[in-house]
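One structure is given below, encoded as structure tokens.
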Amino acid sequence: MHDAARAALTWSARTLTFALALGLTAASAQSGRQSTLVIGGDFSDLITLDPGVSYEFSGSLIAGNLYDTLVAYEGNDLQTLRPRLATSWKVTPTATGSRITFTLRDAKFSTGRPVTAADVVYSLNRVIALKTPSSFLLTDVANLKVGSVTAPSSRTVVMDLPKTANPNIVLALLTFNVGGVVDSAEAKAHEQNGDYGSGWLKDHSAGSGPFVLNRWDRSAQVALDANPQAFRRSASIRRVILRYMLESSVQQSALNSGEIDVAWDYTPDAFKAAQSNPRLQALRTGTFQLAYLGMNSAKGSPFEDPRVREAVRYAIDQDGIIRSLLQGLGRKTQTIIPIGLAGSNPATPYPYDPAKARALLQAAGKGGGFTVDFLVSTGACSGGVPCQDLAAKIQADLAKVGIKANIRQLVNAELLTAYRAQKAPLIQVGWSPDYPDADGNGTPLSDYNAKSLAWRNAWNNPQASKLAQAAAVETDQAKRAALYKQLTELMVKQGPYAILYQPYKPVVLSVNVAGFNRNANGDVQFEKVSKK
Amino acid sequence: MLIYVLRRLALMVFVLWGVTLAAFVISHALPADPAAAALGNNAREEQLQAFREKNGLDQPLVVQYGLYMGGLLRGDLGTSLRTQNSITADLRQFFPATLELTLGAVLFALVIGLPLGIVAALYHGRLPDLLARLFALLGGATPVYWLAILALGVFHERLGWLPGPGRLDAYSLAPPLHTGLVTVDALLAGDREVLVDALRHLILPGLVLGAFSAALLTRMTRSALLEVLSQDYIRTARAKGLRPGRVIWRHALRNAALPVLTVLGGLFGSLLTGAVLTETIFSWPGIGGYATTSAISLDFPAVVGVTLVAGLAYSIVNLLVDLAYAAFDPRISFS
């Protein structure tokens, strides 16, 4: 009897010992740790690395290191345009609008070919032709057509804009990866069924940026290698690896064990703990996101009366949300243009004042309060807070002034469908501009005719539309700022939104990483990073 | 035997057809717009419309199903709405990772569960039995995500014995792709370092995913063996003076194998598809995560594709288990 038991156990023990022995074998791939940067995060939004197609946060982050744009922002200054592929540019008025003339620098693609004006023209035309998720930036915002961009010489690019396009906005949106310049010969060589090489560029790179794509193992990792041809050369990092790690707790564990150097998605709680850990650097990086409540102002809705919308703004305890739910990972703001963009308005005219809110409801004939459906996502909201926690806080705040909000949790896609159909009486969502310019918020949030957020909240104010449109095309900076001041003041008083906060994105690094900066656009220049 | 297999395969086709129909109908019953989900918050109406047209989402449901089935018969699972990749290619990429993890989990379940069950049965009512039953209880009752985070915290972060999440060390690149099973690919490439690395990375998630199965297997082996041990032929074998080891391995275990095999087959099937939590926590790029992301983004063709593959895997494992019956018990034949 014992024989059999012993045999069974011995077999089991042997296998397990083998497994443990494997486990204890020291990690063999130690080489190159110093020059390799490993980032752990939730990169599951990554769909393609083609700069003309990618429209997601992860895609833009990576494409920004594989490709160069004509102009760019440096570091955290997202108001001053800097040269990138273009050494200089000039805006001149024309009879039909304006013209931007770019002079190119002497640069090479990772393939070894020179970057020419023809490559720039090809890259922009390809985005227009492909009708990608971001091509509306070129076609609708910049009003470009095939033929609008020309190359009179190999070093000169000319862009002709109609009066309806603001050259300053065009320059701002060209900093986004939609303006990334692709090696046209390489793209043409890999073209299939007229796709301008986008099938190939999904997981290959052909740019002049500081890195080239080594490989993308979907859902596992993206590996970038330093590009020896680049003019923004990576000083000490030879390889960057972005590892998919969805869970904050897993990122914590991997950062503590030294498996990763940077954690991209910490929860507010985990971030708080990291702040007091001497082996870590906890960065509160800026964003242009706004978390807000949308109030459907259609006829017959309780929010039709602007006094009710004001009451909601007085009823929300913003400081409490930022302090307790966000653990300080958010900024208090109340106007529609995020802090950090030219045109944003720092005014906070609504202190937390439930008594005032009740008085406003009384004046609007809603003294007895009312009941409203409150649409909330099942996932995480801006700043990494679970949407349901945020919603519970809002619900409690509103209840204090007599508004009974019935929380209805929906998956994001469903929530979005209801919102788009103007069927969200009260909704908790977020917004971030498509390009770092006040117009990225001004038009969608204020102009009903843009069929975006103002429309979704059934809020139509001709004066707001006019201001948003005028501000969009105004090229004089001072006049433009004045227009946005008017617009934000009108919106904060009349608009269908209660802005909740502008979140920070927490990024946690090991102490031995230097030069890592994430700007409010979500860009990181990996070539500036080094490891001690 | 051959006829039996052919009949089973024919039946499988019907089962899988039912699976596609159910998955298709259920995923289209949601009151949400896949175009909006794919293009995001900022997409404009014209873009949404173009997307719907391109992917046939503006067609009536029956037409969509017809198109889908037509593609399926040609071996085309369609295009993912989210990634615009061919779903066949996506599955070919993600399924091997799950298969590898599952094989690891089954191996650990066998190595732990089977001997524990035997020991428990042999020491019926005594301390080893009690301990084995305690393990079976704990293993069956502990939530996988908790166990996973605990295992990572202790063996990776604190003790540093085992690597963290992922299939390979972050600093080493995967071997050239052949089968998609990293261990096999490493062997094919003759890369011993990567092979060891891949095996080490399999240990924790394999143990965590296999824990529940090991517990179940312990319980099944124990009860099946206990029943067999009380049979007359065991007493006869012992009376003949056979060595105890031989009695257990040749006579008892062989007869206790059938129920154990059934459980094992079922487990294999459920592991293949039930690895979602383990895959998420261990950042394992398998079909669990793919299915979740696809479902969240209303990527119907991808969801149906995953369901189909899961159904296929389940059916094949079941068939293999049935066939294995004959190998263990000569009284069973399929002619």
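The values are calculated or read from the model by the stated rules, or taken from the named source; none is laboratory data. Bear in mind that the values here come from a model prediction, so they are computed numbers and not experimental data. We place every Cβ from the backbone using ideal geometry, glycine too, and count neighbours over all the protein chains shown. When the accessible area is computed, the model is the full protein with side chains, heavy atoms only, and any ligands, DNA or RNA have been set aside. Shrake-Rupley method; radii C 1.70, N 1.55, O 1.52, S 1.80 Å.
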Problem set entry | Per-residue SASA entry for A:THR94, accessible area with 1.4 Å probe, Å² rounded to 10 | 50 Å²
Problem set entry | Beta bridges per DSSP with both ends in chain A, % antiparallel, nearest 5 | 75 percent
Exercise. Label B:ALA10 and A:GLN422 with points 7 Å out from Cα along Cα→Cβ: what is the distance between them in nm?
Worked result: 5.9 nm
Problem set entry | Percent carbon-and-sulfur accessible area, the range A:39-125, ignoring ligands, DNA and RNA, probe 1.4 Å | 53 percent
Exercise. Can you give the alpha-carbon Rg of the range B:1-137 over 2.2 N^0.38 Å, where N counts its residues?
Worked result: 1.67
Problem set entry | 5 angstrom amide H check on A:SER98, placed H, neighbours 5+ away | A:LEU161
Exercise. What accessible area per residue, rounded to a whole number of Å², is obtained for the range A:21-149 using a probe radius of 1.4 Å?
Worked result: 37 Å²
Exercise. For labels at B:LEU312 and A:ASN214 in the simple 7 Å Cα→Cβ model, what's the distance in nm?
Worked result: 3.3 nm
Exercise. Kirkwood hydrodynamic radius (Cα pairs, Å) of the range B:65-191?
Worked result: 18.8 Å
For this session: Report the net charge of residues surrounding A:GLN463, where surrounding means a beta-carbon distance below 13 angstrom and charges are Lys +1, Arg +1, Asp -1, Glu -1.
Result: 0
Problem set entry | Lys/Arg +1, Asp/Glu -1 at C-beta; chain B dipole; positive extreme among B:GLN231, B:VAL263, B:GLY18 | B:GLN231
Problem set entry | Convex hull (Cα only) mean projected area of the range A:154-243, reported in nm² to one decimal | 8.6 nm²
Seminar exercise, completed: Interface call, the range B:197-213: threshold 50 Å², probe 1.4 Å, accessible heavy-atom surface of protein chains, chain by itself vs complex, result B:ARG200
Exercise. Given +1 on the Cβ of Lys and Arg, -1 on the Cβ of Asp and Glu, and no further charges, what dipole in debye does the range A:238-332 carry about its Cα centre, rounded to the nearest 20?
Worked result: 300 debye
Seminar exercise, completed: The distance between the Cα centres of the range B:17-63 and the range B:171-229, in whole Å, is 38 Å
For this session: Quote the relative contact order of the range A:468-532 in percent (integer), defining contacts as alpha-carbon pairs under 8 Å separated by 6+ residues.
Result: 21 percent
Exercise. Based on the Cβ-Cβ distance from B:LEU177 to A:ALA363, what FRET efficiency comes out when R0 is 56 Å, to the nearest 0.05?
Worked result: 0.25
For this session: Work out the length of the dipole vector of the range A:116-247 about its Cα centre, built from +1 on the beta-carbon of each Lys and Arg and -1 on the beta-carbon of each Asp and Glu, and round it to the nearest 20 debye.
Result: 240 debye
Exercise. To the nearest 10 Å², what's B:ARG222's accessible area with a 1.4 Å probe?
Worked result: 40 Å²
Exercise. Helix B:45-54 versus the longest principal axis of chain B: what is the Cα-based angle in degrees, 0 to 90, to the nearest 10?
Worked result: 60 degrees
Problem set entry | D (Stokes-Einstein, µm²/s), Kirkwood Cα radius, the range B:293-335, 1.306 mPa s at 10 °C | 127 µm²/s
Exercise. What number, rounded to the nearest 500 deg cm²/dmol, is the helix-based mean residue ellipticity at 222 nm of the protein assembly as shown, given -39500 (n - 2.57) per DSSP H run of at least four residues and division by all its residues?
Worked result: -15000 deg cm²/dmol
For this session: Show A:LYS356, A:LYS423 ordered by accessible area, largest first, where the area counts protein heavy atoms only and the probe is 1.4 Å.
Result: A:LYS423, A:LYS356
Problem set entry | Cα gyration tensor shape for the range A:361-514, rounded if a/c is under 1.5, else prolate or oblate | oblate
For this session: Take the Cα radius of gyration of the range A:346-438 and divide it by 2.2 N^0.38 Å, with N its residue count; two decimals is plenty.
Result: 1.23
Exercise. Hey, quick one: spin label on A:SER88, modelled 7 Å out along Cα-Cβ, who in the range A:98-123 has an amide N within reach, i.e. under 17 Å?
Worked result: A:100-106
Exercise. Which of the residues in the range B:283-314 show a loss of at least 40 Å² in accessible area from their chain by itself to the complete set of protein chains, at a probe of 1.4 Å?
Worked result: B:SER283, B:PRO285
For this session: Select from the range A:210-255 those trypsin sites (Lys or Arg not before Pro) which occupy a DSSP coil region and have at most 15 other Cβ atoms within 10 Å, ordered by residue number.
Result: A:ARG233, A:ARG238
For this session: Considering the options A:GLY383, A:VAL411, A:GLN395, tell which one lies farthest towards the positive end of the dipole of the range A:380-445, charges being +1 on Lys and Arg and -1 on Asp and Glu at the Cβ, about the Cα centre.
Result: A:GLN395
Exercise. Can you list the residues of the range B:242-258 that have at least 10 square angstrom less accessible area with all protein chains present than in their chain by itself, probe 1.4 Å?
Worked result: B:ARG243, B:PRO244, B:GLY245, B:ILE248, B:TRP249
For this session: Would you mind listing how long the protein assembly as shown runs along its three principal axes, going by Cα atoms, in whole Å with the largest first?
Result: 109, 72, 61
Exercise. Going by the alpha-carbon gyration tensor, a ≥ b ≥ c the square roots of its eigenvalues, is the range A:383-437 rounded (a/c under 1.5) or, if a/c is not under 1.5, prolate (a/b greater than b/c) versus oblate?
Worked result: prolate
For this session: Note down the net charge around B:GLY125, summing +1 for each Lys or Arg and -1 for each Asp or Glu among other residues with Cβ under 13 Å from its Cβ.
Result: +2
Seminar exercise, completed: So, with points 7 Å from each Cα along the Cβ direction, the A:ASN406-B:ARG74 label distance in nm works out to 4.8 nm
Exercise. Any idea of the accessible area per residue across the range B:275-323, 1.4 Å probe, to the nearest Å²?
Worked result: 29 Å²
For this session: Enter the angle in degrees (range 0 to 90, nearest 10) between the Cα long axis of helix B:192-229 and the first principal axis of the Cα atoms of chain B, meaning the one along which they spread out most.
Result: 50 degrees
Exercise. So, how do all the Cα-to-Cα distances of chain B break down into 20 Å bins, in percent, from 0 on up?
Worked result: 25, 50, 22, 3, 0
Exercise. Given a Förster distance of 25 angstrom, what is the FRET efficiency for B:TYR233 paired with B:LEU258, based on the Cβ-Cβ distance and rounded to 0.05?
Worked result: 0.95
Problem set entry | Estimated buried accessible area (total), pair A and B, 1.4 Å, Å² to nearest 100 | 5700 Å²
Exercise. Classify the range A:181-335: rounded, prolate or oblate, from the alpha-carbon gyration tensor (a ≥ b ≥ c, eigenvalue square roots; a/c under 1.5 rounded; otherwise prolate if a/b is larger than b/c)?
Worked result: oblate
Seminar exercise, completed: Excluding ligands, DNA and RNA, the carbon-plus-sulfur percentage of the accessible area of the range A:416-469 with a 1.4 Å probe reads 51 percent
Exercise. Over the range B:1-76, what percent of the accessible surface lies on carbon and sulfur atoms, probe 1.4 Å?
Worked result: 71 percent
